[in-house]
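The values are calculated or read from the model by the stated rules, or taken from the named source; none is laboratory data. Computed from a predicted structure; not experimentally measured. Using ideal geometry, Cβ is built from the backbone for each residue, glycine included, and neighbour counts are taken over all protein chains shown.
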Amino acid sequence: MKVTETGLKDCYIIEPEVFKDSRGLFLESFNKRKFKEKTGLEIDFVQDNQSTSNRGVIRGLHIQKGEFSQAKLIRVVKGKVLDVVVDVREKSKSYGESFSCVLSEENAKQLFVPRGFLHGFSVLENNTIFSYKCDNYYNKEAEDGVVYNDKDLNIDWQLKEEEIVLSEKDSSLIEFINFII
């Protein structure tokens, strides 16, 4: 497992070792002991989630607040996304800064997102399967977010405006300037 810092504290790109042969491939998507050795972080995932989307879909920017905040380990099983995180930890040196990277079935990269980050992704290929582990259970009352096209965050989602497909909930999220953690 290769671990690379993203520039945002405790947020890492994880690259598992991929073994390929004539039968296909094998990879270990998570190993708690190796993760702790490489990052120094103790994590206990309790929930796995998966979605399937077509090109143009943007999901996010989402967060679970307070005691229901979640750290996530994100990967793409099939297809490709641009994964985006924004540090909203009030005392963080990188507060308000974002990081993005392409996650795909080809590169097998994963992104570890610590608690206190907004998270979203844009789907870059049809029939993309997106999967993530969480270290806390989902709570509807704790959900919040920031609109994807916030002018202050200025995120390039790698999609044309006419391609973008949003849920009603995501299209009505607030601007970053009004977001309170």
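Some notes on this structure:
- Only a single item in (1) over 16 Å from the mean Cα position of the chain (by Cα); (2) surrounded by 13 or more Cβ atoms within 10 Å (Cβ to Cβ) is not met by residue 88, and it is number (1).
- Residue 139, sole failed condition from (1) touching a helix residue (DSSP H, G or I) at 6+ places or on another chain (Cβ under 8 Å); (2) closer than 21 Å to residue 10 by Cβ: (2)
Table: residues versus (1) aliphatic (A, V, I, L, M); (2) outside any loop (DSSP other than H, G, I, E, B).
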position	(1), (2)
51	no, yes
55	no, no
58	yes, yes
95	no, no
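- Which numbered condition residue 49 misses (of (1) touching a residue at least 40 places away in the same chain (Cβ under 8 Å); (2) among the polar types (S, T, N, Q); (3) over 22 Å from residue 127 (Cα atoms)): (3)
- Residue check: residue 108 meets all listed conditions (1) small (Gly, Ala, Ser); (2) in contact with an Asp or Glu (Cβ under 8 Å, 6 or more places away or on another chain); (3) not in a loop (DSSP other than H, G, I, E, B) but one, namely (3).
- Residue match in region 3-24 (condition: loosely packed, with under 11 Cβ neighbours inside 10 Å and part of a helix (DSSP H, G or I)): no
- Check on residue 141, within 17 Å of residue 180 (Cα to Cα), at pLDDT 95 or above and surrounded by fewer than 21 Cβ atoms within 10 Å (Cβ to Cβ): yes
- Test: residue in region 151-161 that is part of a helix (DSSP H, G or I) and either within 29 Å of residue 15 (Cα to Cα) or of a type outside the set (Phe, Trp, Tyr) (or both): yes
- When residues of region 29-48 are limited to those that are of a type outside the set (S, T, N, Q) and surrounded by 14 or more Cβ atoms within 10 Å (Cβ to Cβ), the one nearest to residue 114 (Cα to Cα): 43
Residue by residue, here is whether (1) among the basic types (Lys, Arg); (2) surrounded by fewer than 22 Cβ atoms within 10 Å (Cβ to Cβ); (3) under 22 Å from residue 168 (Cβ atoms) holds:
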| position | (1), (2), (3) |
| --- | --- |
| 66 | no, yes, no |
| 69 | no, yes, no |
| 75 | yes, no, no |
| 83 | no, no, no |
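- In region 120-143, the count of residues that are closer than 18 Å to residue 50 by Cα, out of contact with any strand residue (DSSP E or B) (no Cβ under 9 Å at 6 or more places or on another chain), of a type in the set (D, E, K, R) and in a helix (DSSP H, G or I) is one or more.
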